[in-house]
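Quick note: the coordinates plus some simple rules give every number you see, no bench work behind them. Quick caveat, the model's predicted, so the values are computed rather than measured. Neighbour counts run over all protein chains shown; Cβ positions are idealised from the backbone, glycine included.
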Amino acid sequence: MALTRTTHDVLSVEWIKLELIRTAYATRGGLVARMDPRVVLGWYALLALAPWFTHNLTTLGALFVLAAVFVVLARVGPLVLGLFVIGLISEMVYLAVAALFFDGDLDTVLALTEVTLKLGVVSLASLAAFVSLDPEKLSDALLALRMPATAAFAVSYGYRMMPILVEEFSTVLESARLREPAPSRGGVLGWRHLVHWATLVVRAFYPIFLNTAKSVRTTVEALEARGFTAATIDPRARAIRLASLRVTGLDLAVVAATLAAVVGCHLIGAQWPLHRG
Amino acid sequence: MSAPIIAAEALSFRYPGAPTDTLRNVDLRIERGDFVAVVGGNGSGKTTLCKTFNGLVPHYWSGEFAGRVTVDGQDTFTSSVAELSQTVGYVYQDFQNQLVRPTVRDEVSFGPVNFGRPDHAERTAEALEMVGIEHLAEKFVWQLSGGQSHLVALASVLALRPEVIVVDEPVAELDPAAAEEVYRRLTALNRDHGLTVITIEHHAEFIAAHARSVLLMSDGSPVWHLPTDQALARADELSRHGIPAPQIVDAAARLGLPQVPQSVADAAAMLSEHRRAPYPDPATTTATTATAPRDRPATGERSVVVAEGIRHAHRGVRGELRPVLDDLDLQLHAGDRVALIGGNGAGKTTLMKLLAGIAVPRAGEILLEGISTRSRSARRLADQACYLDQRPERMFLKDSVRADVALFPRGRGVDDAEQLVDRILRRVRLEQLSDRDGRTLSGGQQRRATLGIGLAMRPSLLLLDEPTASLDVASRDDVITMLDELSDDIACSVVATHDMHLVAEWATRVIALEHGRVLADMAPAELFASPEIMRRARLVPPQVVELGLALGMEPPPLSVAELLDACADRTEPTADRTEEAPAWR
């Protein structure tokens, strides 16, 4: 078979890296990204809790649609959305197979679908909320909610490290791919290649951890030198951090609209109820 | 005299578990407003000494601490790192790891906000302005180039309005133009704002141009602390401690000139004054340089790489295509030693990865030993070409150097792989260390280990990304020598570099990239004689080349020896030719 290599813009390691950065730093913008982070967390809690107070499939379906609308408004990228869809589909297939296998019937499948729908609503709301919160906003929101300063910082630092780790990972993996021996034949469905690739991915973590461990020492010293510990004691630091947070009319409007929509979903459910059994 | 900003009395320090003291009985005074270059060989205690100034030693590194260090009158033993950091700012050698916030503005305001300063916004703006990076304020730190990151790290410590700034080896990880920029900023801070600046530095050129005084460390204690001109005059002593004299100082000394030149212009004036200048004389100067045996091989040599119409682009975060290479044609021949030069972002790394077949271009064709890189997987092309990453630790996949070198030949079922590995380890002089994890080796040893990995792949094209970056002068010379020796094993080597000494001493052909195109393709001597190309490729020529150009030599000399030869042609060597400069006594 003649091989013709071209440059792939999607589904390549580079693409995954860019998608992670776009997702983490909310570079696509969108409605939720313009909101106050504390309000976003509250809004998220509202939408994530709503499905757990009903067994009405109509209501759940409506809530799912509502959450999906917010995903569109928040401009969630293809990578996380794709992962979500794959997760949801495989979950449903798995449930159907499991139900058949354990002597269940359509009713079992429906019961399990209810849980899947609820989880789906929560997942979509999480996507919309966390894709729109860049690390600074998220850590400020956590700080505002009286989370320990270390936790708030960990969130922000984790995001900061992410592009570096992904970069490091792709380079090490590339080096391994070129130098490690590969199976000469693929086997059925190329399973040997799959196993080989999976082994490389796992092994690539060893150099990365060691390389990162070395550099973290500088980071810890620099944090100390720039008053990170001092800030956890000093209330003035917290006050400065939180001074930039403002709740605007947009925040109130979005929360009000969401509240109305959730009530609307329950009304639709009451109008055309659909319960299992 | 006013009180010194930093004073150490009988300071000794031993790291926990170490058999000997790292700092031994150090007595030291650093005056307010000084610009001190701390020099000394590896392991002489330079970094440890500097870490006592902001209390990291002994508060963060708990070891055996004796003696007394005061910073602006504060005893470091009884105050904390956080308190001391408001007086002493520290910029690390691996400054990338010191950036902890996502955007530049956040990074710079991090310190003032943590210490609860109500004027944090002004301090941030002021610090950004002091190093001239206001335009970067809203950028993410991972979008910055190395030079920009260093300035951000500098601004972030300046935001605490310290009185002292410690900068650990700024040249190590920066290209020459960026390093010069950092030093210009430091000099301005020292001159205009009265800051005391302390740098750890190996490069005599930077010391000569910027420092006011030099502190030589050896074996954990200061040998002397002298004004820069007196210090540089002790060239012999410095070179014993791993600081070779700047080329102009070396040349002046070897020509027997009485004074120590501070700059190229200085040296040119002195040479002219003492009637030592090699006057431009095509007959003699051309003979010594241009027809050197390191000229490009004649066309008709076997081609290792033929690249035609290469276009490539990367995707940006916002989905835009950012062109890197633009319609580039290139032929590399067997026997070529190519230096690939150009500023950051000129496309050097991308081009090398394309040539190695790790990626394929968006348009155009690359033939590697006659094989189109599109027709084979990167893994199979690894038999023809090998790319060595700029960061050696990324090449270490196994837990010993030997295993890493053996990985490729064993996996490909090479006959007598074990003998091959033994031979290569001898070749790169790592037999003694072959059971160590590559990450635990020194910078120079790590480079040699990656060279070994590359050799074991037995490629016809070897591509090296910045093989001498962040090495001290001795390790750098070591790597250059090794590259020199390897040329019989490898048909064609390509080195992406900012190191003009490497270009002058090793390359036979220089390809300068700019905006993804070939700006120039010439012999090293021609390159150095083209200031316009040097400037556009963000390069700083070796001093001896500049001196040669200032004296009107065409082509310029590539090494001090070549300059001396040219001078010898002009004047008979006199008795003082071999005598050392007066201050060496």
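Over the whole of A:12-25, what's the average partner chain Cβ count within 10 Å per residue? Rounded to a whole number, please. Intermediate results must be reported in sequence, preceding the final value.
Values: counts 2, 0, 3, 1, 0, 2, 6, 1, 0, 4, 3, 0, 1, 5.
Average neighbour count from other chains, rounded to a whole number: 2.
Across q = 0.04, 0.06 Å⁻¹, the protein assembly as shown modelled as identical point scatterers on its alpha-carbon atoms has Debye log10 I(q)/I(0) values of -0.22, -0.49, in the order of the q list. Across peptide A:169-178, the mean count of Cβ atoms from other chains lying within 10 Å of each residue's own Cβ comes to 5. In the stretch B:303-522, the DSSP beta bridges split such that about 55 percent are antiparallel, to the nearest 5.
Among the residues of B:392-401, the average count of other protein chain beta-carbon atoms within 10 Å of the residue beta-carbon is 5.
Counting only DSSP beta bridges with both residues in chain B, tell me the antiparallel percent, nearest 5. Once the DSSP bridges in chain B are tallied, antiparallel ones form about 55 percent.
Within the stretch B:436-522, antiparallel bridges make up roughly 50 percent of the DSSP beta bridges whose residues both belong there. Computed per residue of chain B from DSSP H runs no shorter than four, each worth -39500 (n - 2.57), the mean residue ellipticity at 222 nm is -10000 deg cm²/dmol.
Sort B:456-463, A:237-244 by the packing proxy (mean of other Cβ within 10 Å over each peptide's residues), most packed first. Don't jump to the answer; show the numbers that get you there.
Details: B:456-463: 23.4, A:237-244: 16.0.
Those peptides, ordered most packed to least, come out B:456-463, A:237-244.
Under 15 Å of direct C-alpha separation, and excluding same-chain neighbours fewer than eight residues apart, residue B:139 reaches these aspartates and glutamates: A:134, A:136, B:106, B:107. Computed on the stretch B:303-522, with alpha-carbon pairs under 8 angstrom and 6+ residues apart, the relative contact order is 28 percent. Label separation (residue B:31 vs residue B:230): 1.1 nm, computed from points 7 Å beyond Cα along the C-beta direction. For the stretch A:139-186, the set of trypsin sites (Lys or Arg not before Pro) satisfying both a DSSP loop assignment and a count of at most 13 other C-beta atoms within 10 Å is given as A:146, A:185. Sorted on the mean count of surrounding Cβ atoms within 10 Å across their residues, most packed first, peptides B:196-203, B:57-64 read B:196-203, B:57-64. The lysines within cross-link reach of residue A:118, meaning a Cα-to-Cα straight distance under 29 Å and a gap of 8 or more places when in the same chain, are A:137.
Legend: residue pairs A:214/B:51; A:17/B:398; B:353/B:398, Cα-Cα distance threshold 21 Å; pairs beyond threshold, A:17/B:398; B:353/B:398. Taking a ≥ b ≥ c as the square roots of the eigenvalues of the Cα gyration tensor, an a/c ratio of 1.5 or more together with a/b no larger than b/c marks the stretch A:130-277 as oblate. Just check the stretch B:303-522 against the gyration tensor rule for me: Cα atoms, a ≥ b ≥ c as the square roots of the eigenvalues, rounded for a/c under 1.5, and otherwise prolate or oblate depending on whether a/b exceeds b/c. Here the stretch B:303-522 falls in the prolate category.
Taking the inverse of the mean 1/r over every pair of distinct Cα atoms in chain A gives a Kirkwood hydrodynamic radius of 22.3 Å. Global size of chain B: 25.3, 75 Å for Rg and Dmax (C-alpha atoms, Rg to one decimal, Dmax whole).
Ranked highest first by average number of other Cβ atoms within 10 Å, how do B:535-547, A:186-198 line up?
Working: B:535-547: 22.1, A:186-198: 12.1.
Ranking, from highest mean packing down: B:535-547, A:186-198.
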